[in-house]
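The values are calculated or read from the model by the stated rules, or taken from the named source; none is laboratory data. Owing to the predicted nature of the structure, the values given are computational and were not obtained by experimental measurement. Cβ sites come from the backbone with ideal geometry, for glycine too, and all protein chains shown count toward neighbours.
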Amino acid sequence: MLLPRSVLALLAALGLASIPAPALADTLVYNVDGLTINADGNIERFAALIIDDEGKVRETLGRGEDRPNDIEFAVDGKGRVMMPGFIDAHLHVMGVGFAALTLDLSQTQSLEEALAAIAQFAEANPGRPWILGGGWNQEKWGLGRFPTAAELDTIVADRPVYLTRVDGHAGWANSLAMERAGVDASAVSPTGGRIERLEGSNTPSGIFVDAAESLVTKAIPVPRPVERDLALSKAQEVLLAQGITAAADMGTSIEDWQTFRRAGDRGALKLRIMSYASSLKTMQLIAGPSPTPWLYQDRLRMGGIKIYLDGALGSRGAWLKQDYADDPGNRGIPILTPAQLRNIMSRAAMDGFQTAVHAIGDAANAEVLAAIEELSETYTGDRRWRVEHAQIVDPADISRFAEHGTIASFQPLHQTSDRKMAEARLTPDRLNGAYAWRSVLNAGGRIAFGSDSPVEPADVPAGIAVAISRTDANGEPFGGWFAQETVSRAQAIAGFSSDAAYAGFAEGRFGRLIAGERADFVLVDRDPMLSSPEQIRNMKVLETWIGGERVYRRTASQ
């Protein structure tokens with residue numbers, strides 16, 4: 001029923017107007033070219049959508065169907081394409097926000113260009129005690145080596161600098177940062193990490209890989225709650241503008257969770273967050289003996305744990321079955337022993353939590369698949385064991401993804417960003433199971449798509465374009481890289497909507513634009529089913545709606 005104006009006025013006077021209330025009456029969004037995913041994973045079309053007073057889909061209407069008589073509000077879709085809200089199955093919400101507030105080196109094309117950007121940022125931010133940021137990629141620069149602290153010192157020597165590599169698995173520090181952290185030639189590489197050294201000495205070069213990053217990051221002042229709130233606000237601004245209505249947050253800390261809760265308590269949490277804890281301790285501290293309930297009208301839930309098994313290809317931390325082709329003697333870094341991995345997975349599964357294991361190299365993927373096989377004898381039922389990234393898989397192991405309800409959580413943009421690096425790190429015969437999306441599906445496995453943002457842009461249209469073409473923004477390589485691993489348009493859309501929701505135990509709540517689910521959708525400027533990969537990559541999100549509420553509208557200047 002409608003609330004009296006006097007009640008609304010009282011809510012405003014009490015400062016409660018910012019608390020989201022259900023829609024006041026059913027709303028019809030008509031004149032749309034709608035598409036959604038049916039139970040079989042196929043595309044279904046509709047022309048109008050009815051949103052009930054709880055912000056859920058009441059029904060969809062086909063062309064020519066009569067409108068109900070009980071509709072009080074109507075919105076003209078102006079013939080635009082309506083799709084389910086995009087769901088990113090793997091990103092880092094707070095990382096997106098902090099990346100937008102710190103130095104971004106992801107667009108730099110050379111070391112010289114990066115150093116110039118660092119100098120400009122330092123000059124523009126004289127009050128910052130540390131210069132922080134990330135996104136650098138020595139492979140993209142064509143450097144042939146890691147950058148060094150000495151090179152940073154030539155630009156900023158009076159303040160500590162720490163910059164994270166694009167994949168988040170290595171950091172670049174200047175000399176003052178290492179001095180503040182107490183890192184010198186006597187420092188020892190921790191288990192699961194590596195301190196890069198200057199050639200012929202024990203002197204740290206300024207690069208810290210995987211677990212070794214903590215040797216420096218422990219000295220960085222932690223963000224205050226007000227700064228975290230700002231970062232979350234910025235992250236939502238970025239993600240909603242990209243049409244992302246829900247995301248799996250991989251590696252949620254207690255500080256991240258409290259930031260989400262503060263936003264939810266004051267009605268400022270719009271994005272739906274499927275949270276995976278950063279550790280067993282964090283998982284138990286937040287959720288206790290079982291996954292949390294869905295909070296804030298299906299906007300927040302902690303249902304699992306993120307576990308790191310190896311590093312990344314770019315920093316040669318991915319755990320491989322054979323040596324790196326460009327670094328003989330190095331097979332990467334297994335961050336956990338087989339026993340440690342199984343103990344963590346078992347402890348989480350014991351209380352009904354979902355496990356999401358980061359595995360990039362073929363040895364890491366084989367190990368987590370073996371662990372799933374063993375643990376499934378004890379932990380039966382619908383577990384939906386997740387393997388995050390699954391970038392390099394031995395073809396002999398691909399069929400194992402079809403067992404025990406395992407989900408391969410892929411990030412399509414990694415394939416185009418990493419293609420040349422993967423070719424350098426591995427020999428051609430070891431790439432047959434690389435980014436093997438269709439092979440996993442053909443084997444009977446399930447997949448979900450994400451971005452790993454801020455490692456890659458949270459750009460779903462670009463992700464869909466890569467998934468169906470295996471080509472980059474320049475259309476390269478011609479015909480697609482290992483083109484047999486492309487997926488269909490429907491599979492790509494499902495990967496970023498219904499399948500991503502399923503991967504987070506959210507099916508039935510959002511992801512498909514069907515009756516009873518939350519009315520989360522985007523209006524876009526073209527039909528991805530009728531567009532080329534290039535056209536899809538350039539697709540613009542015009543409006544984003546969550547729970548029947550418009551939370552973003554593209555302006556003429558954007």
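In this structure, does S469 turn out to be of a type outside the set (K, R), farther than 22 Å from G79 by Cα and in contact with a strand residue (DSSP E or B) (Cβ under 6 Å, 6 or more places away or on another chain)? Here the answer is no, as S469 does not meet what is asked. Taking the criterion of being in contact with a helix residue (DSSP H, G or I) (Cβ under 9 Å, 6 or more places away or on another chain) and either closer than 16 Å to G311 by Cβ or not in a loop (DSSP other than H, G, I, E, B) (or both), the residues of the stretch 344-355 that qualify are I344, M345, S346, R347, A348, A349, Q354, T355. When A490, A448 are checked against the criterion of being in contact with a strand residue (DSSP E or B) (Cβ under 6 Å, 6 or more places away or on another chain), assigned to a strand (DSSP E or B), among the aliphatic types (A, V, I, L, M) and more than 24 Å from G134 (Cβ to Cβ), A448 stands alone in meeting it.
Restricting attention to the stretch 181-200, the residues that are acidic (D, E) and closer than 25 Å to R159 by Cα total 2.
Of all the listed residues (V222, V226, V238), the sole one being within 30 Å of V161 (Cα to Cα) and at pLDDT below 95 is V222.
Looking only at the stretch 259-280, residues that are more than 18 Å from M94 (Cβ to Cβ) and loosely packed, with under 15 Cβ neighbours inside 10 Å come to 1 in all. G475 meets the stated requirement of being surrounded by fewer than 24 Cβ atoms within 10 Å (Cβ to Cβ), in a loop (DSSP other than H, G, I, E, B) and either in contact with a helix residue (DSSP H, G or I) (Cβ under 8 Å, 6 or more places away or on another chain) or aliphatic (A, V, I, L, M) (or both). Restricting M283, M274 to residues that are more than 27 Å from A519 (Cα to Cα), aliphatic (A, V, I, L, M) and either in contact with a Phe, Trp or Tyr (Cβ under 9 Å, 6 or more places away or on another chain) or in a helix (DSSP H, G or I) (or both) narrows the list to M283.
Listed by first and then second residue, the pairs linking a residue in the stretch 58-85 that is on the phi < 0 side of the Ramachandran plot and in a loop (DSSP other than H, G, I, E, B) to a residue that is surrounded by 12 or more Cβ atoms within 10 Å (Cβ to Cβ) and modelled with pLDDT under 95, with Cβ atoms under 6 Å apart and 6 or more places separating them unless they lie on different chains, are I71/D26; E72/A25.
Once the stretch 412-461 is narrowed to residues that are aromatic (F, W, Y) and within 21 Å of M83 (Cβ to Cβ), the residue that is surrounded by the most Cβ atoms within 10 Å (Cβ to Cβ) is F449.
In the stretch 523-543, the condition of being under 16 Å from K56 (Cα atoms) and surrounded by 18 or more Cβ atoms within 10 Å (Cβ to Cβ) is met by no residue. When the stretch 373-394 is limited to residues that are buried (at least 24 other Cβ atoms within 10 Å of the Cβ) and in contact with a helix residue (DSSP H, G or I) (Cβ under 9 Å, 6 or more places away or on another chain), the one that is farthest from G311 (Cα to Cα) turns out to be W385.
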